[in-house]
Amino acid sequence: MPLPNHCSAKVYGRECEIPPSYVLSVKSQEAEYMFAVVCDEHKSKIKKLLIAMQQNGNLPPGAIRFQPISGVATDCVIGFESNPT
């Protein structure tokens, strides 16, 4: 699944243009829910917001997880010809 190329945070109504550093999810006993991707600059602010939302009952209870995003490079296979002999 492709991820957005910028942070999910909005500042004064404008989207953050910084590339994301973390996938943000909430892990409950039943499942794990992915909510956003965030940059280093907005990580702590988003965490505080999610804690408040959990306390208000707007988000499921559970552990807030920030998983680092790692780049992956690969040589793609564009096509091949099979030669049945």
Give me the residue from segment 61-74 that is modelled with pLDDT of 85 or more and part of a loop (DSSP other than H, G, I, E, B) and, out of that set, surrounded by the fewest Cβ atoms within 10 Å (Cβ to Cβ). P61
Scan of segment 1-43 for residues that are among the basic types (K, R), farther than 15 Å from I69 by Cβ and either touching a residue at least 40 places away in the same chain (Cβ under 8 Å) or surrounded by 13 or more Cβ atoms within 10 Å (Cβ to Cβ) (or both), ordered by number: K27
Select from segment 30-48 the residues that are under 20 Å from P61 (Cβ atoms), touching a strand residue (DSSP E or B) at 6+ places or on another chain (Cβ under 7 Å) and of a type in the set (K, R) and list them in ascending order. K47
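Among residues belonging to segment 25-68 that are of a type in the set (G, A, S) and closer than 17 Å to S8 by Cα, point out the one that is nearest to the chain's Cα centre (by Cα).
Going residue by residue through segment 25-68, those that are of a type in the set (G, A, S) are 25, 28, 31, 36, 44, 52, 57, 62-63.
Narrowing the set further to residues that are closer than 17 Å to S8 by Cα leaves 25, 36, 44.
Working: S25: 7, A36: 4, S44: 14 Å.
So, considering only residues that are of a type in the set (G, A, S) and closer than 17 Å to S8 by Cα, the one nearest to the chain's Cα centre (by Cα) is A36.
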Determine which single condition I46 fails, assuming it passes every other condition in (1) surrounded by 14 or more Cβ atoms within 10 Å (Cβ to Cβ); (2) among the β-branched types (V, I, T); (3) without any contact (Cβ under 8 Å) to a residue 24 or more places away in the chain. (3)
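The values are calculated or read from the model by the stated rules, or taken from the named source; none is laboratory data. Predicted model only: the values in this text are computed from it and were never measured. FYI the Cβ positions are ideal-geometry reconstructions off the backbone, even for glycines, and counts take in every protein chain you see.
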